[in-house]
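One structure below.
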Amino acid sequence: MHTHSAVLVRRSGVVLALDAPSIDASMRLLEDVADLVDAVKLGWFQLLEHGPQGVLGIIRRFPEIYFLADLKIADVDHVNSYIVRRIVEMNFKGLIMHSFIGSINLKSPIGIAHSNGVDVYLLVSMSTGGELYDAHLDRLVRMGVELGVDGFVVPATKPWAIRRTREIAGDKHILSPGVGPQGASPGCAIANGADFEIMGRLLMNDPRPRDLLIEVIKSRGTRECSP
Ligand code: BMP
């Protein structure tokens, strides 16, 4: 197995999911909360609205931010490898891949990412649905550990999956989406063992996202969290 240490560092434990289609709205939100988030997740919204050059423009404008490419890569080996090379060229520092595609389709792209200093996070469950994932959680997390990924995307809406992933994955990063509009209370994924909570609409739809984020970070550990 190759060696790679995760580039992503936990400070606030918040990853911003920047799913706003408007580039102006994205820029305003980024400028407002950049110092309070550990990473910014960009995905299909930005890529399809602004193209690779537009995405590169966002990344170049904030060189100090850790940008995470969320294209949920899930193709065959050689196509995945191409996608990862393009992501590397765009200066992303991390990327997300689906796990169900299996180790043959994951191994080379993970190697390409790591040899370029880019983290790989493996999605092993989904915040909505994902019942086929959930039937195979243990096996998928073990596969990710064997492949040397930097961590796992495990939904905040399934605290049991976070706890189980933590048991198997040791100190690998756990990133949890599904906070706010999808139902999980802020702070509860972290209370169940996640390292980072991914937040999109909760912040994007709030008139004062900075104040809300400060409150969310401050109030961790004070809420009742469902098991
Ligand atoms: P929101 O916080 O607005 O619900 O957005 C959640 C974000 O996390 C979206 O960018 C989505 O693509 C991502 N996500 C998710 O919601 N569930 C998953 O299981 C995996 C994800 O990456």
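The values are calculated or read from the model by the stated rules, or taken from the named source; none is laboratory data. Quick caveat: nothing in here was measured; it's all calculated off a predicted structure. Note that we place each Cβ from the backbone using ideal geometry, even for glycine, and neighbour counts take in every protein chain shown. Areas reflect the complete protein model, heavy atoms only, side chains present, ligands, DNA and RNA absent. Shrake-Rupley method; radii C 1.70, N 1.55, O 1.52, S 1.80 Å.
Here are the numbers:
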| read-out | value |
| --- | --- |
| Residues of region 1-28 satisfying the condition of being farther than 15 Å from Ile65 by Cα, part of a helix (DSSP H, G or I) and touching a residue at least 12 places away in the same chain (Cβ under 8 Å) | Ile23, Ala25 |
| Odd one out for Leu18, checked against (1) within 17 Å of the chain's Cα centre (by Cα); (2) open to solvent by 20 Å² or more (accessible area, probe 1.4 Å) | (2) |
| Count - residues of region 29-62 that are out of contact with any strand residue (DSSP E or B) (no Cβ under 8 Å at 6 or more places or on another chain) and either part of a loop (DSSP other than H, G, I, E, B) or farther than 23 Å from Phe196 by Cα (or both) | 11 |
| Pick from region 36-71, criterion closer than 22 Å to Arg11 by Cβ and among the aromatic types (Phe, Trp, Tyr), ranking: surrounded by the fewest Cβ atoms within 10 Å (Cβ to Cβ) | Phe62 |
| Number of positions in region 1-23 that are among the polar types (S, T, N, Q) and under 29 Å from Pro181 (Cα atoms) | 2 |
| Subset of region 191-202 (residues that are crowded, with 18+ Cβ neighbours inside 10 Å, within 15 Å of the ligand (Cβ to nearest atom) and more than 14 Å from Asp38 (Cβ to Cβ)) | Gly200, Leu202 |
